[in-house]
Structures are given as C-alpha cells and as structure tokens.
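These notes are about the structure you will find just below.
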Amino acid sequence: MTSAGRPDAIVIGAGIVGAACAEALSRDGLRVLVLDAGFAGGGTTAAGMGHLVAMDDSPAQLALTSYSLECWRALAPELGREIALRECGTLWIAENDEQLAAVRAKKRLYHERGLAAEELDARALASAEPRLREGLAGALHVAGDAVLYPPCAALRLLALARARGAELREGWRVLSIGGGGVRGARETISAGVIVIATGADAPRLTPGLPIVPRKGHLVITDRHPGFCHHQLVELGYLTSAHEMTAESVAFNVQPRETGQLLIGSSRELVGLDATINRPLVARMLARAASFLPAIAALSAIRVWTGFRPATPDSLPLIGAWETGENVMIAAGHEGLGITTATGTARIIADLVAGRAPAIDAAPYSPVRGHAAAVH
Amino acid sequence: MRDADVAIVGAGPAGIAAAVRASQSGARALVLDRGLAAGGQIWRQGPGTHIPALGRGWLRTLAASGASVVASASVTDIAIGRDGAFTLFFERNGDADRVTARAIVLATGARERFVPFPGWTLPGVVGIGGAQALLKSGASFAGKRVVIAGSGPLLLPVASSMTRAGARVMLVAEQARPAAAARFAAGLWRAPATLAQAMRYRAGFARTRYSLGTWTVAALGDDRVRAVTVSDGGRTRTIECDVLCTGYGLVPSTEAARLLGCAVEHGAVVVDEDQETTVANVYAAGEATGVGGAELAITEGEIAGGAARGRRGEGASLAGRRARGRHHARRLDEAFALRDELRAAATPESIVCRCEDIAVGEIRAHWTARQAKLYTRCGMGPCQARVCGPALEFLYGWAPDSVRAPLEPARVSTLIDSTT
Amino acid sequence: MSDQQASDELMLIVNGRTTRVRPGTTVAAALVSLDALAFRMSASGEPRGPLCGMGTCHECRVAIDGVPHRRACLVAVAEGMRVTTDA
C-alpha cells in the first residue's frame, strides 16, 4: 500500500468478517488495507464452532443466514480444501411432541425461504444417528448446513483479496478513527471508507455501539470417526441461545472433517474473563451426554473459551455508522459470524459501491432503534 | 475425594523425596503419578528394571513414610479456591477423582527433546529414554540391531542396558563436538560417582563403536525403520538396524506450573531458596526447575517437601549440595549443546507435529506457536505440543503457546465430574 | 523359565491372537516384544509406534478392551486383556 498510495478502503480486523469484507471490496476493484491488532483469524474466529447454518430466530436472521449460505456456496470453489468444508447438514432435535410441533413450524419457515428441510420421525432420527438416546420425538433435517475450519477460511478469504492487491498488516493496532483515517501508534492512514470488523472490541473505536462480549466454551475430542454424521442441535437451542441474563448451556455437537467431535455450547456474560468455568463446562458436557450417552466415554483433548460479539436484538450491525464520516460497521454477529460473514461482506460492498443490497439491509443498520438494552 | 496437607505431582526422585520429607514432618502427603508405580523414569519399576541402590533406598523409605501414592493418576486440572486451598483433579482408570491440599509440590520431571529428520516417524524409531522405559516395562529387544544416536548423558546407560538385554548395539552416535564432550569427561573427576558410572556404562557396550560429533541425517524404511544414515559433517554412512533410538537431551515439563500461573524462565519453573514458585504454596522440584539429574532432584525435593510443610529456611543445610548439582547440570548443558546442523536435518516433507501430521514445510518461521496451531493444526493434537513444541523451540526459537486444562486428554465424563 | 514363572504369566489377546507376558509388563512393552512396532495409523494414514514410552507423546494409542485411544505405555497387561492396533 505504501507503494500504491492511499487505500480506497481500510478494514479493521482480520477475523472472518473483516476477511470476507476485504474479499468483497477487492472484488469490486477497491484497493484494500486490512489492519489487525493481533494476527489474521486469531480472535473470536479461532474460538468458534465454524458452522454455516440457516437460523430462523427472526425473519431478518433467516434472510441474512440463508443469503450468506448462498454466498459461501458461490465462494467455496475459490477457497480450496484448506477450509475443511464438510456439508454435513444439521439435525434440529425435538425431545417431545411439543418440540416436534415447533419442528413443523420451523420447516414451513425454511421452505418459504426455499431451503431444503425435511422432518424426521423418531425412527428415522434413530436410524440417521444411532448414538442419540432413545425416546426422542424427531428432528428437522436441514441438508444445506455445513461446518468449516474458520481460521483457514479467514486466511483463504484474505488470500483472495491479496491476489487482487489488498494488503494485510498484522500487529497493527488502531488507536482511534477520525478525519477520514485511522491512527496507530506510529502512523495515521487515511482512506475513502473505513470498515470496522473487530467484533466484541468494536465499541472501543465507535463508542455507543451496542455490543457486549458473550463468552462461550467449547470442547473437542480425539478422533472418533463415524460417531455421528450431522451437526446435532437441540431445538431448545434458540431459547437458551438468546437468554441474555443467565448462564446457559445447549446441546450442539459437530462431526469435524478430522473425525473429531466439537461439543458446545455455553453462554454467559462475564466481560472478557477468558478463564474456564468448570461447572459450566460440566453442565454443557452433561447436556451433550444426555443426548449422546456414549460421548461420556470419549477422550476430550482441549477446552477453550471465546467471546461472541452480542447485540440487544441478536442481529448484527452492518452499514454506515451515525457520524458523518465514511465509517461502516460490520460487527456484532454473536454466534453466527462464520455463517453471516459472507452476506455481511456483500452488503458492505454494495453499500460502499452505492448498489442496492440483494436483501433488505435495514434490519441490520447500526443506527436502528435498539429496544432491548444489553445486560 | 481425598484430602492432604501436601499434594505432590510426580513420583520420581524429586516427588519421592518431597513426599518423604513432608511426611516425616507430620504432614499428610499424597503423591499422584501417571505411571504404574512410584519411581519416575530413572527408578521406573517393572519386569525389566535394575533400580540402583540409591533408588531402592528411597522407594523403601517412601513406602515406610506414611505418604500415599496414587499411581496411574493423570492430573487433568488444578484449581485454587478462594480460601487458598488447591483441588487437583485427576483421572484414574477412566474415573474422575480429586484431592484437596494446602500446598503443592510440582515434581513433573522432564521429557526428551526430539528434533525432526526424514523418517523419524517410522515405527521402530523410539526415544532414547523411550527405549529405556520400554525395556524396564518388560519389552524384549533381544537380538535386535539397535542404533542409538542423539545427545546427552542418557546415551551411555541406554547402550549399556540394551546390550545387557541381548540387543546388538551397532553404533552409539553423540552429536556433541568431540572437544566439548572431552572437556566434560575431563571435568568428571569433580564428580567421581558420575565418572565411575560412565566407565561402567562404557564397559557395558565395550565392543560397540562410540562416535562423537556424529548425528542422524535420516531414518530409512517403508513400514518400519530398516536403516539409519548418520553424518560427521564430512562422511555419511548408512547402518542397517531394527530400532533407532533418538533424542536430544531433556526439557523440563512445566505445563502444570504454567497452568497455575507460575513464572517459567528459559524453559524451567522459577523457584526461590525454598523451592517455592512465584505462586504462593506451590513448590517445584527436580527436572521441572531445570534438568540436573536424580541427585539434584532428590535434594530439591527434600527442600520442597520440608518447606511445603511450613519449614522454610531448612533448606540452608542442603543448599550447598543443590549448588553443586546445579553447577554440574550447567556443565552438562554446555558439553551437549546442540549443533546447528541438526536444524537442517528435516526436509520440508518431514513431519514435525506427529499428532496432526504437519510437515516442517507447512510452518513459517516468523509465526508464533499459536499461529502455527490455528493455521496448520500443528500442536493441536492429544500431546498438546509436548513433542513438536520443544522441536519448534529448537528450530525457530518459538515460545510455547499458553496452557489450558485439561493438562492431558481426559474422558468427557471426567470433565463432567470435575467441578468444585 | 520355571513352571512357577510360566503359570504367573498373563494372557494377552492382540488383534485376536493370544500371547503370554510377565506380570507388570505394559501393553506397549508387550507389543514391542512381539515385534509389532506399528501401533496405530496417523492422521494421514502412516503407521506409528511408541516414541516416548512415558505417556507424553500419545503415539502408542491403541484400543484396550474396546476403549480407543488408550496410551499403551501407561497400561499394565491384565489377564485376558484385549488389545487392538489399527496399523
């Protein structure tokens, strides 16, 4: 960039969202500079489960997640094998008839969006995933969902951007923004547009942005190929995932490309304390074992924590920030940042280019009214 | 659930000495060890064992001391409670268990440093200490053609025990420069016991070639090692073998200390005069605080065991012995300093992370250990970088990534049961 | 070997084949004595065997009595124990 002169766009944050923004902006022919205080893909991106899932918590969430899945599918051939994409689909598991009724409602929503979703009865579920406990009511099979390995996905997106002239500077901490540029410890760089994609850290540069870190734990096992075949999620996930006040756990297990099982999930609001909460991990694993009893005997090799950037209404903040300057926000993706990174990036690129985004971007505007406060 | 005044992690010489001293001063001492019995590596008990008199004596004293020994116990996590008490979570035969204690002595020992070279992942390529451990645990190497090539004082005793066990030791190759190794040998008169030991070991494989300034270039084979190529910088030669023992000295095992937040410098746990770490009531002794051999480990363990019981300052009488031991350890380090040529042994295709099969060529020297882990999966497997970490430290000067629980792979059920 | 020693020996079943070992022998040591140096297949499908001998490297993982990923160097042979290697 020093040789090429002033960048058209500066993307702050080289996580999955920043990387996807750099890819989309460079595709439009912009000269992009990506700055990261640490290293690419090393923050929340490295801590996530890496699911690509259609989620129907709200119409706007379903619109963004399904649009993003299309974007991922379009990009996948360019991203290569390193991203460890596994199109395993998701089984949303119903424990009882009440939840099975919810499965049917969910199926209608997915069908309205043109997404493949098929109801499994108890027998079909047991045959699809024999290690699930007996007595479950059924499931919704969403075949288009997938899992991938997020740090390498971020690297590959950055590689595509760099092939088009984008530059990545790591260990470059932005101290403040203003005057059409960013200020670091040693230099100030100006650009046509600044995109803030620093997740839970975003409010530091744009005070007032309603994002809080929401901590999660994950556990990964040794290789046990064939233990399960789909991403497994309890239907109650949405209820517990959006309970903003208390600690919560929900059953979510993924079969990774390596044969390992990734076990989630937990949520708590404790600021940026990264230490492992043993009782919460125990609850989370007990929940997993209540669905998959045989998981209790498997060998767990690592436990880690990460911070989801959470917003009051569980929708990300995508678009122009309130100041008159050309500052765009691409943050607040909570636990769906891997899925929605690509859709977010397309919306940002469209807004920067003055095009109408493919989906209505108003629900994600960073300056929308936030009825619920974040606790 | 068990309760102790002093919990000791590791039942090698340092842990045994700490447990004995703590018990003798009236403490309820409990030792956790991953192995099948007390003794650690040097005094490992098993069907193929010849424990020296010093070790037999300490094992007898331990048995009579009243200290509890819990073998086959993998410590997975250590918690510090609000009242300052420690809870050590461990897994034993697949079940979760725990012990609470007022003080901890970390006697976690050391492990071998491996440096990658082509073929080092072939079955039949084992650690030098690894071969010794297998031998003591009942493995037969009778009639096998064995090459021992690496570095450090372990080469001679392993060559000696292999010969005694009926193996045909074809070559013992020490990478250290002949001059440096000779200076070390010349300095042995300061430690006559060590000299006598070295002479005995050498006599044990008297008919075998012992080459200084010689190192492994490659292990050859298809589904197992068939031969090894060594070099002295000028000439290379290939020797057929069934087993290749490799290893480049020892590195302290500091994971438990780092999990607790204890300071670690130059790869060793930092301790004060009483062997206390930078975390109150956490003591460390033996190889974890710097590799120095069994006698130094015993001394440090004695000091730590007494101090953990509240008898601080008593180590003064042992301080001279400790200082002499540490001096000897420094001389060993100098004599067996690893040569630069070893960094060039690995080709881009050589595996460095054996858990995830990550090749040297996939790693960028300017990365950190954490970047390598996230970008390539290097160090992400069950050994948690305990093998590739020291190798990459030698190759690129990398510091290890942070430590998190579980310290060792544990059953999911163990983590479910591990709450305070 | 005396009859007394022989009767003390333990029966170990490795990949369906029976062998006898001295009490106190680890599973890893027993396999090495059988010259079965390849214990497992690595992530990319290479044969691997024990390296460190003391529970650190996890290269000696085998299935013992149906439980996968057990470190063979940390387990003593018990009468009738069944070991499965995958290499």
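The values are calculated or read from the model by the stated rules, or taken from the named source; none is laboratory data. Just so you know, these numbers come straight off a predicted model, no measurement behind them. Note: ideal-geometry Cβ built from the backbone for every residue, glycine included; neighbour counts use all protein chains shown. Ligands, DNA and RNA are stripped out before the accessible areas are found, and what is left, the full protein with its side chains, is counted by its heavy atoms. Shrake-Rupley method; radii C 1.70, N 1.55, O 1.52, S 1.80 Å.
Solvent-accessible area assigned to carbon and sulfur over chain B amounts to 51 percent, based on a 1.4 Å probe. Mind telling me which of A:ILE318, A:ILE359, A:ILE194 comes out most flexible in a GNM of chain A, alpha-carbon contacts under 10 Å? Looking only at A:ILE318, A:ILE359, A:ILE194, the largest GNM fluctuation is found for A:ILE359. The fraction of Cα-Cα pairs per 10 angstrom bin, counted from 0 for the range A:285-375, comes to 14, 35, 23, 15, 11, 2 percent, rounded to whole percents. Farthest toward the positive end of the dipole of the range B:289-371, out of B:ALA316, B:LEU338, B:ALA369, is the Cα of B:ALA316, where the dipole comes from beta carbon charges about the Cα centre. In the elastic network of chain B, a GNM with C-alpha springs shorter than 10 Å, the most mobile of B:GLY94, B:GLY301, B:GLY35 is B:GLY94.
Under 5 Å between amide hydrogens, built in the peptide plane, is the criterion, and for C:HIS69 it picks out C:VAL62, C:ALA63 among residues at least 5 positions away or on other chains. Unpaired Cys in the protein assembly as shown, meaning no second Cys C-beta under 4.7 Å: A:CYS21, A:CYS71, A:CYS88, A:CYS152, A:CYS228, B:CYS241, B:CYS245, B:CYS262, B:CYS355, B:CYS383, C:CYS60, C:CYS73. Each Lys and Arg Cβ is given +1 and each Asp and Glu Cβ -1; about its Cα centre, the protein assembly as shown then shows a dipole of about 2840 debye.
With all pairs of separate Cα atoms included, chain B yields a Kirkwood hydrodynamic radius of 22.0 Å. Residue ranges B:235-246, B:137-148 sort as B:137-148, B:235-246 when ordered by packing (mean number of other C-beta atoms within 10 Å per residue, highest first). Rg over Rh for the range B:249-329 works out to 0.94, using Cα positions for both radii and the Kirkwood form for Rh. Candidates C:THR18, C:ALA76, C:GLY66 compared by Cα position along the dipole of chain C: farthest toward the positive end lies C:GLY66, with charges placed on Cβ. Amide H contacts for A:GLY184 (H built 1.01 Å from N in the peptide plane; partners 5 or more residues away or on another chain; cut-off under 5 Å): A:LEU175, A:ILE189. Any chance you could check the Cα centroid distance between the range B:39-85 and the range A:1-77 for me, in angstrom? One Cα centre to the other: 53 Å.
Ranking B:ALA79, B:ASN281, B:ALA307 by Cα position along the charge dipole of chain B, where only Lys, Arg, Asp and Glu carry charges on their C-beta atoms, puts B:ALA307 farthest toward the positive end.
Could you work out the mean count of beta carbons from other protein chains within 10 Å of each residue's beta carbon in B:365-375?
On the way: counts 0, 0, 1, 3, 0, 4, 8, 0, 2, 12, 11.
So the per-residue partner count for this stretch is 4.
Bridge orientation summary for the protein assembly as shown: considering DSSP beta bridges with both residues in this region, about 60 percent are antiparallel. Using only alpha-carbon positions, what ratio does the radius of gyration of the range B:20-153 give when scaled by 2.2 N^0.38 Å? Against the empirical 2.2 N^0.38 Å value, I get 1.28 for the range B:20-153.
Considering only Cα atoms, the convex hull volume of chain A works out to 128 Å³ per residue.
Dividing the mean sequence gap of close Cα pairs (under 8 Å, 6+ apart) by how many residues the range A:1-144 holds gives a relative contact order of 19 percent. The share of Cα pairs per 10 Å bin across chain C, counted from zero up to the longest distance, runs 19, 52, 23, 5, 1 percent.
Computed as a quarter of the hull surface, the mean projected area of the alpha carbon convex hull for the protein assembly as shown stands at 38.6 nm². Distant-in-sequence amide contacts of A:GLY41, defined by a placed amide H-H separation under 5 Å and a gap of 5 or more residues or a different chain, comprise A:ALA14, A:GLY15. Per-residue shielding of A:35-45, expressed as the average number of other chain Cβ atoms within 10 Å of the residue Cβ, stands at 2. Near B:ALA181: Cβ cut-off under 13 Å, other residues only, Lys/Arg at +1 and Asp/Glu at -1. The net charge is +2. Summing charges over all other residues whose Cβ lies under 15 Å from the Cβ of B:GLY213, with Lys and Arg as +1 and Asp and Glu as -1, gives +2. Mean separation of Cα pairs under 8 Å and 6 or more residues apart, divided by the residue count, gives the range B:202-263 a relative contact order of 20 percent. With contacts taken as Cα pairs under 8 Å at a separation of at least 6 residues, the range A:149-214 carries a relative contact order of 16 percent. Chain B contacts chain C over a buried accessible area of about 3100 Å², both sides summed; the probe is 1.4 Å and only protein chains count. Summing charges over neighbours of B:SER23, with a neighbour being any other residue whose Cβ is under 13 Å away from its Cβ, gives +2 when K and R count +1 and D and E count -1.
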